[in-house]
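Worksheet: one structure, shown below.
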Amino acid sequence: MIKKILQYGLFVVLVLGTVLVWKTIPVPCATPIEYALGTFDGRFGISQEDFLREASAAERVWESALGRELFRFVPEAVFKINLVFDERQERTLEGQKLESFLEKTKASQETLEQKQQKTRSLYEKTSREYERLFESFKRKLSAYNAEVEKWNREGGAPEDVYKDLEEVSRALLKEEKELETKRLEVNALAKEVNSFSAKQVAVVEDYNARVEEYTGRYGQSAQFDQGDYVGEEINIYQYDDVSHLRAVLVHEFGHALGFAHGSDPQSMMYYLMEQQSLDPIVLSSEDKTMLLARCNQTFFDVVFERIGNAKPWLTEHEDGKGFLGL
C-alpha cells in the first residue's frame, strides 16, 4: 500500500514538474514580442511616428509570411528599440552631403562646359570675321599707299584725285577703329573661354578639398554595424534611407525571434546589406525556412534545442550583431 502511495506521489511530482518546466520554457512565437520606443535621437531627421511606422512595416514582413502576429507595439514594454546617433550615422549624413555636392559639381561642370562651348563658338566666329575684315583692310590700305606713293613720285595729285584720296583715308581710319573694336571683342571672348576652364578647375578643386576633409575625418570607406540586438533591446545606429531603415529593423526583428545570420546573400538575415530586395522587401527561401522552423517548434523541439540538437541557424544569436554597412 505504501509502495503504491509512493509511486502515485512520484507520478504527481513528475506531472507537476513537467508542467512547471513547460511553463518556464517558452515556445517560440507563441506570444507576440512586445516592444516600445526607447532612446530616440532626433538628429536622424525622422519623426517618432515615421520611425514606428517603419517598425510596424518591418513586423509585417515576418508576420505576413507566417500568418500570425509576432510583434506588438506597447508603449510601456520592457523590450526597447533605440535610435542611437553616433559617428556611424554622422558619417552617413556627411557622405550623403558629399554625394549631393558631387552631383552639384557635375551639374556645374556641365553648365560651365556648355557655356564655354557656346562662347568658344562665338569666339571662333568673331575671330574669323576679324581675320576677314583685317585682310580686307590690309588690301585697301596697301592700294591707298600705292596710290599716294605714285602721285608723290609725280610731284603731287590733281585736286580732284587729292580729295578722293582724303576721302579714302578717312574711310580707312574709320575702318581701322572698327577693326580695333572687333580685335578687342575677340580678345575678350578668348579670355572668357579661358575663364571657364579656370572655373571648372576651381569647382573640381573645391570638391576634392571636401573629399579630402571627409576622408581625413572619417578615413577610407569601411564596413560598420548598422544595428544590433542585445537581450532586451534593438539598437539602430545607421541607415541611408527609410527602405534601409526598414530592412535593418526586419533583420534585427529576425534576431529577436531567434535567428542567427543566414548564408544566402539575398536573405534578410544575411550579415551584409548588399544583394537583398529592399523596395519592396522580399524574404528569401532561407528566411522563410528559418521562420517556419522556428515558429512551428513544439515544447519538445525547444527542449532538444536546449540540449544542442537544433539546427545551427535556429540557435540564439550569439554576437548580437546586425546588418553591416555597405
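The values are calculated or read from the model by the stated rules, or taken from the named source; none is laboratory data. Remember, it's a predicted structure, so these values are computed and weren't measured experimentally. All Cβ positions, glycine included, derive from the backbone under ideal geometry; neighbour counts span all protein chains shown. Protein only, heavy atoms only, side chains kept; ligands, DNA and RNA dropped before computing areas. Shrake-Rupley method; radii C 1.70, N 1.55, O 1.52, S 1.80 Å.
In the list 198, 260, which residue meets the criterion of being touching a helix residue (DSSP H, G or I) at 6+ places or on another chain (Cβ under 9 Å) and at pLDDT 85 or above?
260
Under 8 Å between Cβ atoms, at least 6 apart or on separate chains: pull out the pairs that start in segment 251-265 with a residue that is touching a residue at least 12 places away in the same chain (Cβ under 8 Å) and open to solvent by 10 Å² or more (accessible area, probe 1.4 Å) and end on any residue that is in a helix (DSSP H, G or I) and of a type in the set (Ser, Thr, Tyr).
264/285
Only one residue in 127, 121, 64 is touching a residue at least 12 places away in the same chain (Cβ under 8 Å), outside any strand (DSSP E or B) and among the hydroxyl-bearing types (Ser, Thr, Tyr), so which one is that?
Going through 127, 121, 64 in turn, the sole match is 127.
Pairs needed: first member in segment 89-112, over 20 Å from residue 199 (Cα atoms); second member anywhere, open to solvent by less than 40 Å² (accessible area, probe 1.4 Å) and among the polar types (S, T, N, Q); C-beta distance under 9 Å; at least 6 residues apart or different chains.
Correct list of pairs: 89/238; 91/238; 92/238.
Starting from segment 22-37, take each residue that is part of a loop (DSSP other than H, G, I, E, B) and list its partners that are open to solvent by 40 Å² or more (accessible area, probe 1.4 Å) and at pLDDT below 85, counting only C-beta distances under 8 angstrom and pairs at least six apart or across chains.
Matching pairs, first to second residue: 25/303; 25/306; 27/298.
Out of all the residues in segment 149-159, which are outside any loop (DSSP other than H, G, I, E, B) and loosely packed, with under 14 Cβ neighbours inside 10 Å?
149, 150, 152, 153, 159
Condition test on residue 126, is it open to solvent by less than 50 Å² (accessible area, probe 1.4 Å), closer than 30 Å to residue 172 by Cβ and more than 30 Å from the chain's Cα centre (by Cα)?
yes
Yes or no: residue 61 aliphatic (A, V, I, L, M) and either at positive phi or over 27 Å from the mean Cα position of the chain (by Cα) (or both)?
Against the criterion (aliphatic (A, V, I, L, M) and either at positive phi or over 27 Å from the mean Cα position of the chain (by Cα) (or both)), residue 61 does not qualify.
With 166, 185 as the choices, which residue is assigned to a helix (DSSP H, G or I), touching a residue at least 40 places away in the same chain (Cβ under 8 Å) and open to solvent by 70 Å² or more (accessible area, probe 1.4 Å)?
None of the others qualify; the one that does is 185.
Out of all the residues in segment 93-100, is one or more open to solvent by 90 Å² or more (accessible area, probe 1.4 Å) and among the polar types (S, T, N, Q)?
no
Regarding segment 202-209, can at least one residue be identified that is more than 36 Å from the chain's Cα centre (by Cα) and within 30 Å of residue 109 (Cα to Cα)?
No.
Of the numbered conditions (1) touching a helix residue (DSSP H, G or I) at 6+ places or on another chain (Cβ under 9 Å); (2) under 17 Å from residue 253 (Cα atoms); (3) modelled with pLDDT of 95 or more, residue 50 satisfies every one except a single condition; which is it?
In the conditions (1) touching a helix residue (DSSP H, G or I) at 6+ places or on another chain (Cβ under 9 Å); (2) under 17 Å from residue 253 (Cα atoms); (3) modelled with pLDDT of 95 or more, residue 50 misses (2) alone.
Give the residue that is surrounded by the most Cβ atoms within 10 Å (Cβ to Cβ), with candidates limited to residues of segment 277-314 that are modelled with pLDDT of 90 or more and within 23 Å of the chain's Cα centre (by Cα).
Filtering first and then ranking leaves 281.
Count, please, the residues in segment 195-215 that happen to be open to solvent by less than 80 Å² (accessible area, probe 1.4 Å) and among the charged types (D, E, K, R).
Of the residues in that region, 1 qualify.
Output the residue which, of all residues in segment 130-148 that are touching a helix residue (DSSP H, G or I) at 6+ places or on another chain (Cβ under 8 Å) and without any contact (Cβ under 8 Å) to a residue 24 or more places away in the chain, is most open to solvent (accessible area, probe 1.4 Å).
147
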